[in-house]
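Read through the structure below, which is laid out as structure tokens, and then see the notes.
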Amino acid sequence: KDLILMAEGKIVYSGPAAQAVDYFASVGYKCPKHYNPADYFFQVLNTPEAVPVLVRSWEEKNTSQPTDPKTYSKYPISRRDYAQGYASQFWLCSKRAFLNFVRDRMQTWAQLISTTIMGLLLGLVYLQRDWNQESVQDRTGAMIFSLMIMAFTSAGSTVSIFPLERSIVEYEYSNRMYSIVSYYVSKFLSELPFRVIYPTLFSIIGYWMIGFRGTFEAWLIFTIVMILVANIGQSIGLFIGSAFDNLAIANSVMPILIIPFVLFAGFFLNQDSTPDYFIWIQYISFFYYGMEIIVVNEFKPNQIIACPNSSSSCPYPNGLATIWIFRIAYR
């Protein structure tokens, strides 16, 4: 095994650990008999008058030795070269990220419990909505809140974890252990099973408690949308966590990036009322597309929505009318 000893930022020995005692003895610092070499090295390196001697001796030793062609590679290592190939980088980073995620049992249980509680809470608030005029607003409200829960919980959990890994990633990347692309792709894919499990658990609880359209196909589409939104939230969390190493600042920036997407999802602000200079946000809002899918999924054109009586206003006589209220061009 090799050993590197440094003092005041300079190398005083680099080589086999078994030869370190002999080298120190050769420059006038012989380790006493029955004395721990590590303790002795530590004591010598903290002696002010010994450091210049050791540094000068090591520099003279290296400058006086001829270069052994067998010791060095024929071709110099480029800054683009890594210790492993891309396949090995991806595999090792994925394995480590998955194990870290699994071993963090507190984080895993916290996610499971929070997902369960949010599903139960939303289900109890909108418990078993009937198919009538009043329930249209309740159902659409439950939809937008479901999207918000998935996005914010995924982004928040990632933002709170990534800054803790940042220093390690920067150190290993600076030592060319792996590329940034390998790290991010492996981290995303290794956590993907959990980003499928949590939204699915939320959908199993909330969907049926709320009383959304009771078919397996409709539930499956709703669940897929929740999974996609949760993974987009995780990506936003990774972006914020990599941009800001301060956790407090990262948590402050997260709502600033996500809330505009929520605002222009078509629920809080009608599409026709959106200012022209903000209309572009709607078309890059994942909430807008997620809301469009689950609204069409819930309110099928032939879905009859009961009216109180013939004399009352009936703005939502069927599913198609509800879809058009949201300015969704159903095809």
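The values are calculated or read from the model by the stated rules, or taken from the named source; none is laboratory data. Given the structure is predicted, the values throughout are model-derived calculations rather than measurements. Cβ: placed from backbone, ideal geometry, glycine included. Neighbour counts: every protein chain shown. Protein only, heavy atoms only, side chains kept; ligands, DNA and RNA dropped before computing areas. Shrake-Rupley method; radii C 1.70, N 1.55, O 1.52, S 1.80 Å.
I want to verify the translational diffusion coefficient of the chain in µm²/s; compute it with Stokes-Einstein, Rh as the Kirkwood radius over Cα pairs, at 37 °C and 0.692 mPa s. The estimated diffusion coefficient comes to 132 µm²/s.
Whole-Hz Karplus values for segment 178-193 come out as 7, 8, 5, 4, 4, 5, 5, 5, 5, 5, 5, 6, 5, 8, 4, x Hz, taken residue by residue from phi with 6.51 cos²θ - 1.76 cosθ + 1.60 and θ = phi - 60°; glycine and proline positions read x.
Each peptide in 218-228, 276-286, 198-208 receives the mean, over its residues, of other Cβ atoms within 10 Å, and ordering these scores from highest gives 198-208, 218-228, 276-286. When Rg and the Kirkwood radius Rh are both evaluated on Cα atoms of segment 241-281, their ratio Rg/Rh stands at 1.15. Mean residue ellipticity at 222 nm, helices only, the chain: -21500 deg cm²/dmol; runs of at least 4 DSSP H residues each add -39,500 (n - 2.57), and the sum is divided by the number of residues. The Cα center of segment 5-38 and the Cα center of segment 117-142 differ in position by 73 Å.
Between the amide H of N318 and those of I305, distances stay under 5 Å, these residues lying 5 or more places away or on another chain, with hydrogens modeled in the peptide plane.
Rounded to the nearest 0.05, what FRET efficiency do N251 and T47 give with R0 = 56 Å and r taken as the Cβ-Cβ distance? Could you check? Working from the Cβ atoms, E equals 0.75. Taking only protein heavy atoms and a 1.4 Å probe, the accessible area of segment 124-248 is 70% carbon and sulfur. Within the assembled protein chains, the solvent-accessible surface assigned to D245 is about 110 Å², based on a 1.4 Å probe. Divide the volume of the convex hull around the Cα atoms of segment 165-233 by the residue count and you get 88 Å³ per residue. The residues of the chain have, on average, 58 Å² of accessible surface per residue, using a 1.4 Å probe with all protein chains present. Between amide H atoms placed 1.01 Å from N, distances below 5 Å from A7 occur with V12, all of them 5 or more places distant or on a separate chain. Using the Karplus relation 6.51 cos²θ - 1.76 cosθ + 1.60 with θ = phi - 60°, the per-residue 3J(HN,Hα) values for segment 156-161 come to x, 5, 6, 4, 6, 9 Hz, with x marking Gly and Pro. The trypsin sites (Lys or Arg not before Pro) of segment 7-61 that meet both conditions, a loop assignment by DSSP and at most 16 other Cβ atoms within 10 Å of the site Cβ, are K30, K33.
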